[in-house]
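The structure under discussion appears below in the form of structure tokens.
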Amino acid sequence: MKKTLRNIGIIAHVDAGKTTVTERILFYTGKIHKTGEVHDGTTSTDFSPEERKRGITIYSAATTVFWKDQQINVIDTPGHIDFNIEVKRSLRVLDGAVVVFDAVAGVEPQSETNWRLADQYEVPRIALINKMDRTGADYWRTIDMIKERLGAIALPLHLPLGSEGFDGLIDVLTQKAYRWQDGLIDEIPVPEACIVKMKQCRQQVIEALAEVDDELMGLYLEGHALDFDTVKQALHRATVNNHVVPVLCGSAYKKQGVELLLDAIVDYLPAPEERVHSTELKQAPLAALAFKTVNDKHGALTFVRVYKGQLTPGMSLYNSTLDKRERISNIYEMHADKREALSIAPAGAIVALAGLKHTSTGHTLCLAQSPITLESIDAPRPVIAYAIEAERNTDQSALAKGLQAMVSEDPSLSVRQDEQTGQMILSGMGELQLEVALNKLRDEFKVEVNVGKPKVAFRETITAAKDIVYRYKKQDGGPGQFAQMQLKFEPTERDSGIAFVDNIVGGSIPKEFIPAIEKGIRQAAQAGLQGHEVVDFKVTLEDGSYHEQDSSAIAFEKAAVLAFRELLKTVGTALLEPIMSVEVMTPNDYVGDCIGDLNRRRGIILQQQVRRNAVVINAHVPLAQMFGYIGQLRALSSGRASYTMQFSHYALT
Ligand code: GDP
């Protein structure tokens, strides 16, 4: 196993410079020779036209680079809240992250959200304070914000230099100073005036490290002189164990600080084998997790992280999530501008597989004889649905194709056809996500669409038991139709669906007609009095009669449909609405306002917890009350609170 691999992600608030940092990493590692600028729309990780137009990074891409013979896989992560699923799935497969902050804006809301997600997945981090060249850049203030808002032990490894703006830095651990000329790093003597400050800073880093690392504490107490390698190793351990966060500075745009960032990625972030995995994994000979599927011009690619064993082209795999066989045709390492076919993908590798037919995000791939299922990446249940139709009738099939491609790439999107109107219903997690999807339909699939208002999926149920005796008789010249049945309907508990019980004894209805009765009832239950699905009841077939010539399966099915309609007319239905499990993360200052707002939305507060220096509020809120929530939440918390929600259960309105 290679000791030299790093699987990292770059996480940032939109606009902090993630794309530019990634671009510079590709430049310095020699993968591309002309750096693309974001504003030209030529950067090489952002390959979707939709992203180029918006200038934000949405879709993950894994890119392999080499720095001083060390392989680094860079997994791109989006910054916008609606794309939390993308952030989550990348966090799940990477071993470490570089969190980019804007030196002027400091810690922004999305950085807070993403930071907490990284806490949850226990991802070791390095902080890069970017945009040091901008007027108003403040390295120390940003570090204070990281400590206060994110609750991290932030260890500044750099001291910025420059009387007017940023023109170099001191690396306090190596005690060396650098400047850049035309994007090239130059070592310079440490300015006299900074020596004291540099020594103080170094001392502070060592003392903070000694507090969390027993080995360094021992050496420190015994009064040993601590060389760079000793401190570096201690800092590596402390970072990998999530005790501290090394902080660097730079200006990606001006190509200042990127080489030192690459060094720090290799020095402080973990190799794959340093991450602790489940004991279950230890027994399996092969395990890989799919974290992204992409349909590009070459066809479908499945991005996987190999946890155990190795993959080779031509290999047969078992998708344990779906219980399906798969075969790898090719394995690729994805570079910024090309892809390279591999003959082997060892444990720790992040690669793209061609040839898989069924696998999508969150599925485990393993050997059929030694199955294992890794914890999946849960795609939140879609919460907003829009009816969409192609503007031009001739675009129907292009629309269906486009929707299908988008759904297979993004498991938090789903599409279905409305039975009554025939319209396509696209569901997702948020308004921006759907907006992006619609733009993609327009740009990549060339379909113009009409979009309806967002909708909630209600259901109906009965609230009282009732016996229905139904006699169906038709005589109109040809062969007659006859069916008679006695049905008992009873309400059942929430989320129990529909239960059918056959109590016929003595053949009063022949066996072969009984499935038709069940079919008729299930079919009729698809649309209740208000057009929603009818659920949560039990129907018992008590008795009935038939006619030798005139009875048939069709006659019994029709009779069941009509009996069900009669039931609804006599007992009526009650409306059930979807209730969401909402989790709000907010700094302490806004807890009261957040709770007040949730109460106004008919929310029930379940619990409040302090997580690091944020408060997490869990509540149940009707989905119908959640439209436009993100705007309100941002407004009442100065943009600092965030939320996630998923379907919980149905309840009477
Ligand atoms: P992302 O949204 O996090 O991917 O950020 P981008 O890399 O797209 O950067 C957002 C904007 O900030 C772009 O216009 C960049 O050119 C600019 N930018 C990025 N890094 C720096 C920097 O170090 N200094 C300055 N002045 N601008 C930067």
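Where a number appears in this text, it was derived from the coordinates with a stated rule and is not lab data. Every value quoted in this text rests on a predicted model; they were computed, and no experiment measured them. In this analysis, Cβ positions are derived from the backbone assuming ideal geometry, glycine residues included, and neighbour counts consider all displayed protein chains.
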Legend entry - DSSP beta bridges in the stretch 462-575 [antiparallel fraction, %, rounded to 5]: 75 percent
Inset, instruction - Can you tell me the FRET efficiency between residue 502 and residue 418 if r is taken as the Cβ-Cβ distance and R0 is 35 Å, rounded to the nearest 0.05? - result: 0.60
Inset, instruction - Name the residue farthest towards the positive end of the dipole of the chain from the options 649, 124, 481, assuming +1 on Cβ of Lys and Arg, -1 on Cβ of Asp and Glu, about the Cα centre. - result: 481
Inset, instruction - Give the relative contact order (percent, whole number) for the stretch 232-345; include only Cα pairs under 8 Å separated by 6+ residues. - result: 15 percent
Legend entry - Over the stretch 159-284, relative contact order from alpha-carbon pairs under 8 Å, at least 6 apart, %: 17 percent
Inset, instruction - For each pair in 147/197; 292/446; 446/519; 147/282; 176/254; 401/519, compute the distance between the two Cα atoms and list the pairs where it is over 29 Å. - result: 446/519; 147/282; 401/519
Inset, instruction - Figure the gain on full extension for residue 104 and residue 327 (residue separation times 0.36 nm, minus the Cα-Cα span) and round it to one decimal in nm. - result: 75.3 nm
Inset, instruction - Counting only DSSP beta bridges with both residues in the chain, tell me the antiparallel percent, nearest 5. - result: 80 percent
Inset, instruction - Enumerate the amide H contacts of residue 580 below 5 Å, restricted to partners 5 or more residues apart or on another chain; note that Pro and chain-start residues carry no placed amide H. - result: 621, 623, 648
Inset, instruction - If a/c stays under 1.5 just call it rounded; otherwise compare a/b with b/c (prolate if a/b is bigger, oblate if not). Do that for the stretch 130-200, with a ≥ b ≥ c from the square roots of the Cα gyration tensor eigenvalues. - result: oblate
Legend entry - Spacing of the two label points (7 Å from each Cα toward its C-beta) at residue 233 and residue 186, in nm: 3.6 nm
Legend entry - Among 303, 281, 224 the positive-end extreme of the charge dipole of the chain (Cβ point charges): 303
Legend entry - Peptides ranked, highest mean first, by Cβ atoms within 10 Å: ranges 482-493, 454-465: 482-493, 454-465
Inset, instruction - With only Lys, Arg, Asp and Glu charged, each at its Cβ (+1 for the first two, -1 for the last two), find how big the charge dipole of the chain is about the Cα centre; round to the nearest 20 debye. - result: 860 debye
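Report the antiparallel proportion of the DSSP beta bridges in the stretch 221-316 as a percent, rounded to a multiple of 5.
100 percent
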Inset, instruction - Tabulate in residue order the Karplus-calculated ³J(HN,Hα) for the stretch 197-208, using 6.51 cos²θ - 1.76 cosθ + 1.60 with θ = phi - 60°, rounded to whole Hz; enter x for Gly and Pro. - result: 4, 4, 5, 4, 4, 4, 4, 5, 4, 5, 5, 5
Legend entry - Test item: Cα-centred dipole of the stretch 397-466, Lys/Arg +1 and Asp/Glu -1 on Cβ, debye: 260 debye
Inset, instruction - Mind giving me the nanometre distance, one decimal, between the label points for residue 471 and residue 398, set 7 Å out from Cα along Cα→Cβ? - result: 6.0 nm
Legend entry - Dipole of the chain, positive end: most advanced residue of 251, 9, 422 [Cβ charges, Cα centre]: 422
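How much mean residue ellipticity at 222 nm does the chain get from its helices, if each DSSP H run of length 4 or more adds -39500 (n - 2.57) and you divide by all residues, to the nearest 500 deg cm²/dmol?
Calculated from helices alone, the mean residue ellipticity at 222 nm is -8500 deg cm²/dmol.
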Inset, instruction - State, to one decimal in nm, how far the label point of residue 221 lies from the label point of residue 316, with both points 7 Å from Cα in the Cβ direction. - result: 5.9 nm
Inset, instruction - Figure the gain on full extension for residue 583 and residue 488 (residue separation times 0.36 nm, minus the Cα-Cα span) and round it to one decimal in nm. - result: 30.1 nm
Legend entry - Gain upon complete extension [residue 196, residue 530; 0.36 nm per residue less C-alpha separation]: 112.5 nm
Legend entry - Mean Cβ neighbour count within 10 Å, used as a protection proxy, ranking 139-152, 174-187 highest first: 139-152, 174-187
Legend entry - residue 593/residue 179 FRET efficiency (R0 51 Å; Cβ-Cβ; nearest 0.05): 0.60
Inset, instruction - Report relative contact order for the chain in percent, whole number only (criteria: Cα-Cα under 8 Å, sequence separation at least 6). - result: 10 percent
